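Following: one structure in structure tokens, then a few remarks.
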Amino acid sequence: MESSFTPSVNIVRDREKKLTYLPTGNSRRVYEQIATGFRTGTRSFNIIGSYGTGKSAFLWAIERQLSNRATYFGPINGHFNGVRRFETLNIIGEYDSIVNSFARGIGLNARRVNEQLILKKLASEHEKAAKKKSGLLIVIDELGKFLEYAASKEGERELYFIQQLAEFCNDSSMRFLLLTSLHQGFDSYARRLDQVQRHEWEKVKGRLTELPFNEQVDQLLYLAGEYLHTETIERGPTSSLETISSFTQKICSYNFDVNKISEIAKKLLPLEPIAASVLTLALQACGQNERSLFTFLSSHDYLGVRAFDRRSNPLYNLSCVYDYLIGNHYSFIASRDNPRYVQWAAIQRAIERVEGSIDTDTHNALKLVKAIGLLNIFGLESTRLDSDVLVEYGRTAMGIDDPLRVVKALEDKKILRFIHFKNRYVLFEGTDFDFSAAFASASSKVDPISDVVPKLQSFFTFPVIRCKTATMKRGTPRFFEYQISHKPITALSAGEIDGIVNLIFSAPQNVGEVKTVSKGVHEAIVYCVFDNIVSIQNTLWDIDKSSAVLASVTDDLVARREVKAILDYQIQELNRLVLNSMFADSVTWIFRGKEIPIHSQHDLNKYLSLAIERIYDETPTFHNELINRHHLPPAVVTARRNLIEKLIANWDREDIGFPKDKFPAEKTIYLTLLQNTGIHKKRRDGWSLGKPSDKTFHPLWSRCEAFMAGTKSTRKSIADLFEIVLSRPLKLKKGLAEIWVPIFLIIKREDYALFGEQGYIPYLTR
């Protein structure tokens, strides 16, 4: 990183440059995930990380690694199924059609190109690489710019090309590897689209395996230390390293590895670790990134690490960071675009109050206010900031002789206030409101919570869970929803939802009762029994009390803001007790009478897919997103109608009369549902309709035939047939059922008599 350090990386511009790249634990993990995916048949990946987490640098490094020009992640030894070298195609996103940009990238005329020509060209390039026993690596950095263009232009063509490209690269018989990068989740680019369009984006997103790429603060500080360690810079007192390590562990804001704090602190000097951490997060919040951290370290910026006042600051501390940020990033900090504008404004108001009310030690009071203000913005909820920590930090990092006296003066002027339940000081604007008396009064007026379920139902709106594994395996989208109750839910309502995650809150807990009930439940219901009910009851009571106090405070804006902060904290605590506890030891997960080990969202998704496989074991395997869904868009409804019309008229013709060179939506449905399954095929006497040869469709066929057999003794409504195919163990999606039932009736048209409101119907029509 010395002479070859660069504040940004461009995978095209810098392809031949010799930059220094230091692999981190995060980048090694992502590399191993890519290698493992390649070995197991996954070849298309989407690397997602916020601005400046080093995605471009990682893509630059992995390209050099796989082209055998450098080794950053260990030697390639069987990692990629024997492929030891990759040829590379690099594309950088722009606000344009990805089809056109991709065409230009591989040397085709963008004006005359189409998706099939691009894939044909890629196949040709792959063939050339294969002759050299190499693979073909395709890298698309800044994919989000292409997605922004697609979203603004309703670019179905753009999305479909991304889907085709990913599917093309995922062919395990070939040696393709596709890597893309995004700053935010794929769905974020589709927020302005309607529900049908968002479903299409979801479909495309599923073709790319997502890999989170976010460097931890301690890892960035490790890299910063490695950089500073090689620089000629005045270090400051190394005798304070033990104390620096001490207050870093006590403040405990950024999950430092305690075994590495001393080493990091030594290499970072004169920058101390807490200041470095806050600076890193602040630069990211200002729309910058870790590149700005290294730019900061390497530059001679005003108020930077090479140009701060060493006479009054033994180390580059939090107050120095505040001065640097105000001096160099004021335009963003003071703008309404800053999501933390209110907290920054609070620091400025506190500074003005110090300057107007603290006559002695004003300079040191300002230092502490700046430090506390920054930690209140960028510290974690677990940050400890009591008087002991402030004294230790103030003396060692700021050079304040008597920090406790300064803290007391700030408390007396009501500029600081100690929040006991958070164990930290916060900036305070001052009020005569008696918080203790107000909360004591609320305790006598607000009843404790006995029934937590209605309260929790009002607080939480859970997202629907999509079972990706089950969906990919059979093609039928499967969804679970959360439901909160006192006792186990045993029935599943009809509709799009296929299963329930039942969160059970009742005291005293009876896990045995839930096991007994769930043993007899034949629906896809997974139970989660909570045993920390008392803590949840108390927190809900605290929320009610705080809400009552807040309602009683009308004119005192400062008091309202403080009570609102307390209320917000209590709501966060409730989230921790409910959401975070779902994967802790304080809950028991149960399915079909047995406890199941669920310790993460990944575990939950895995078991939900297993539940789907067990309950809906007769669902046919059918991959067609056009109709295998609950609600069909108008265009697909038209395609379904056209298909039925052609099937009635041309059931005995090849491809039921579709032209060979055209592929309307109804032909796609025909090919996947009728031809590929063997329902419509050429027999000895010509083309005809019959029992599917696809064995996964046999249970569906058998149940429909059983329904038909049951009509020999009594009339039955076609609505009953719909009920059969829409219920377990089949549970087709409504869109598929609405085309399957007419097709089955057309196939069996000689075996039944059909009656409508006007009586007997002799002929089937559209």
Out of everything in segment 688-698 that is over 41 Å from the mean Cα position of the chain (by Cα) and not in a loop (DSSP other than H, G, I, E, B), what residue ends up being farthest from Leu745 (Cα to Cα)?
Ser688
Odd one out for Gly399 among (1) on the phi > 0 side of the Ramachandran plot; (2) under 37 Å from the mean Cα position of the chain (by Cα)
(2)
What's the total number of residues in segment 557-587 that are loosely packed, with under 13 Cβ neighbours inside 10 Å and either part of a loop (DSSP other than H, G, I, E, B) or touching a strand residue (DSSP E or B) at 6+ places or on another chain (Cβ under 6 Å) (or both)?
3
If I go through segment 127-147 residue by residue, how many of them are of a type in the set (Gly, Ala, Ser) and closer than 17 Å to Ile98 by Cα?
1
Could you tell me which of the residues Leu182, Leu279, Leu220, Leu208 is at pLDDT 75 or above, of a type outside the set (Gly, Ala, Ser), over 30 Å from Thr476 (Cα atoms) and open to solvent by less than 30 Å² (accessible area, probe 1.4 Å)?
Leu279
Among the residues of segment 128-144, write down those that are of a type in the set (D, E, K, R) and within 16 Å of Arg84 (Cα to Cα).
Lys128, Lys131, Lys132, Lys133
Taking the criterion of being more than 30 Å from Lys414 (Cβ to Cβ) and free of Cβ contacts under 8 Å to residues at least 40 places away in the same chain, would at least one residue in segment 556-575 satisfy it?
yes
Residues that are among the hydrophobic types (A, V, I, L, M, F, W, C), open to solvent by 50 Å² or more (accessible area, probe 1.4 Å) and assigned to a loop (DSSP other than H, G, I, E, B): does segment 442-457 have at least one?
no
Residue check, Ser727 small (Gly, Ala, Ser), over 21 Å from Thr638 (Cα atoms), surrounded by 11 or more Cβ atoms within 10 Å (Cβ to Cβ) and under 40 Å from the mean Cα position of the chain (by Cα):
yes
So which residues in segment 185-202 are part of a loop (DSSP other than H, G, I, E, B) and either in contact with a helix residue (DSSP H, G or I) (Cβ under 9 Å, 6 or more places away or on another chain) or modelled with pLDDT of 75 or more (or both)?
Gly185, Arg191, Arg192, Leu193
Candidates Val521, Val526, Val514, Val534, filtered to the one that is modelled with pLDDT of 85 or more, touching a Pro at 6+ places or on another chain (Cβ under 6 Å) and either β-branched (Val, Ile, Thr) or surrounded by fewer than 16 Cβ atoms within 10 Å (Cβ to Cβ) (or both)
Val514
Would you be able to say whether some residue in segment 751-758 is closer than 30 Å to Glu523 by Cβ and open to solvent by 20 Å² or more (accessible area, probe 1.4 Å)?
no
Have a look at Lys455, Lys473 and point out the one that is over 30 Å from Asp556 (Cβ atoms) and not hydrophobic (A, V, I, L, M, F, W, C).
Lys473
Name the residues in segment 353-371 that are more than 13 Å from Glu411 (Cα to Cα), of a type outside the set (D, E, K, R) and crowded, with 19+ Cβ neighbours inside 10 Å, would you?
Asn364, Leu366, Ala371
Consider Tyr482 against the criteria (1) touching a helix residue (DSSP H, G or I) at 6+ places or on another chain (Cβ under 9 Å); (2) in a strand (DSSP E or B): it satisfies all of them except one. Which criterion is unmet?
(1)
Hits in segment 319-345 - residues which are under 32 Å from the mean Cα position of the chain (by Cα) and touching a residue at least 12 places away in the same chain (Cβ under 8 Å):
Val321, Tyr322, Leu325, His329, Phe332, Ile333, Asn338, Pro339, Arg340, Gln343, Trp344
Return the residue satisfying two criteria in turn: it lies in segment 462-492 and is among the polar types (S, T, N, Q) and over 30 Å from Ile627 (Cβ atoms), and of such residues it is most open to solvent (accessible area, probe 1.4 Å).
Thr490
Cβ-Cβ distance below 6 Å, separation of 6 or more or different chains: which pairs start in segment 722-734 with a residue that is closer than 14 Å to Ile497 by Cα and end on one that is among the small types (Gly, Ala, Ser) and surrounded by 18 or more Cβ atoms within 10 Å (Cβ to Cβ)?
Leu726/Ala737
Spans of helices (runs of 4 or more DSSP H) in segment 341-415 with at least 3 residues at pLDDT below 90
341-357, 362-378, 387-398
Between a residue in segment 683-706 that is free of Cβ contacts under 8 Å to residues at least 60 places away in the same chain and more than 16 Å from Glu618 (Cβ to Cβ) and any residue that is open to solvent by 70 Å² or more (accessible area, probe 1.4 Å) and of a type in the set (Phe, Trp, Tyr), which pairs come within a Cβ distance under 7 Å, given they are 6 or more apart or on different chains?
Leu689/Trp651
Suppose we filter Arg640, Arg614 for residues that are touching a residue at least 12 places away in the same chain (Cβ under 8 Å) and surrounded by fewer than 17 Cβ atoms within 10 Å (Cβ to Cβ); which single one remains?
Arg614
Answer yes or no: is there a residue in segment 680-687 that is surrounded by 14 or more Cβ atoms within 10 Å (Cβ to Cβ), of a type in the set (A, V, I, L, M, F, W, C) and part of a strand (DSSP E or B).
yes
Ser312: assigned to a loop (DSSP other than H, G, I, E, B) and within 29 Å of Leu241 (Cβ to Cβ), yes or no?
yes
Return the only residue of Arg85, Arg69 being closer than 17 Å to Arg15 by Cβ, out of contact with any strand residue (DSSP E or B) (no Cβ under 8 Å at 6 or more places or on another chain), of a type in the set (Lys, Arg) and at pLDDT 85 or above.
Arg69
Inside segment 688-704, can you point out the residues that are in contact with a Lys or Arg (Cβ under 8 Å, 6 or more places away or on another chain) and either open to solvent by 60 Å² or more (accessible area, probe 1.4 Å) or more than 19 Å from Leu736 (Cβ to Cβ) (or both)?
Ser688, Gly690, Ser693
Pull out all pairs, ordered by first then second residue, where Cβ-Cβ is under 9 Å, the residues are six or more apart or on different chains, the first lies in segment 264-285 and is more than 24 Å from Ala334 (Cβ to Cβ), and the second is part of a helix (DSSP H, G or I) and charged (D, E, K, R).
Ile264/Asp218; Lys267/Glu226; Pro273/Asp218
Here's a check for you: in segment 603-644, which residue that is acidic (Asp, Glu) and either under 14 Å from Trp740 (Cα atoms) or not in a helix (DSSP H, G or I) (or both) is nearest to the chain's Cα centre (by Cα)?
Glu625
What's the number of the condition Ala709 fails, among (1) farther than 17 Å from Glu750 by Cα; (2) free of Cβ contacts under 8 Å to residues at least 24 places away in the same chain; (3) part of a helix (DSSP H, G or I)?
(1)
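The values are calculated or read from the model by the stated rules, or taken from the named source; none is laboratory data. If you're wondering where the values come from, they're calculated on a predicted model, not measured in any experiment. Cβ atoms come from the backbone with ideal geometry, glycine included; neighbour counts cover every protein chain shown. What goes into the accessible areas is simple: the full protein's heavy atoms, side chains included, and nothing from ligands, DNA or RNA. Shrake-Rupley method; radii C 1.70, N 1.55, O 1.52, S 1.80 Å.
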